[in-house]
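Trainee: Okay, handing you the structure first.
Here, each number is a calculation from the coordinates, and none is a lab measurement. Bear in mind that the values here come from a model prediction, so they are computed numbers and not experimental data. Reconstructed Cβ throughout: ideal geometry from the backbone, glycine too, with neighbour counts over all protein chains shown.
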Amino acid sequence: AKRLRPAMLAATTLAPGQRVWMKNPSTDPESPPFLSGEVVTANGVKAEVLFSGADEPVSVPEVALDMANAISSKLAASAERAEPDNCDLFQLSEATLLHNTLLRYKDDAIYTFTGPIVTSLNPCKHLPHLFSKECMKVSSQ
């Protein structure tokens, strides 16, 4: 049997309008670790991607891209759905996992599951809805 190269395993058909993530090449610690963008064109090897905040599309190898869970850039940020369990994400990658956790953090949902593993983020503020008597009663059952 012919052995597939990793790039061939990662190959996925990209279409114009599809949302994608790419590892940020910036070494600035203040920069986000991934850049989100929208595919303008793709040919199976390279894709032209318009990254958020950019004026012009950039040509990048398709293997450097991960598909995003947002179907369209027309989706308002407030309409993005955050999953309580990362296993429920349609596309699962480092970028989508971090993005889902960030969306939940912004909604003060500081606990996110990945299967049986829970990730918690310090909200650095008081969240009474998480530590009410009613919440503790439900959690103890």
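Trainee: How would you order 129-135, 102-108, 31-37, 17-23 from highest to lowest mean count of nearby Cβ atoms within 10 Å?
Mentor: For the peptides 129-135, 102-108, 31-37, 17-23, the packing ranking is 17-23, 31-37, 102-108, 129-135.
Trainee: For region 107-121, take each phi angle, set θ = phi - 60°, evaluate the Karplus expression 6.51 cos²θ - 1.76 cosθ + 1.60, and give the result in whole Hz per residue in order, putting x for glycine and proline.
Mentor: Those phi angles translate into 8, 6, 9, 7, 10, 10, 8, 10, x, x, 9, 10, 10, 10, 10 Hz.
Trainee: Let me ask you something else. Sorting check: for 83-93, 113-123, which peptide has the highest mean count of neighbouring beta carbons within 10 Å, and how do the rest follow?
Mentor: 83-93, 113-123
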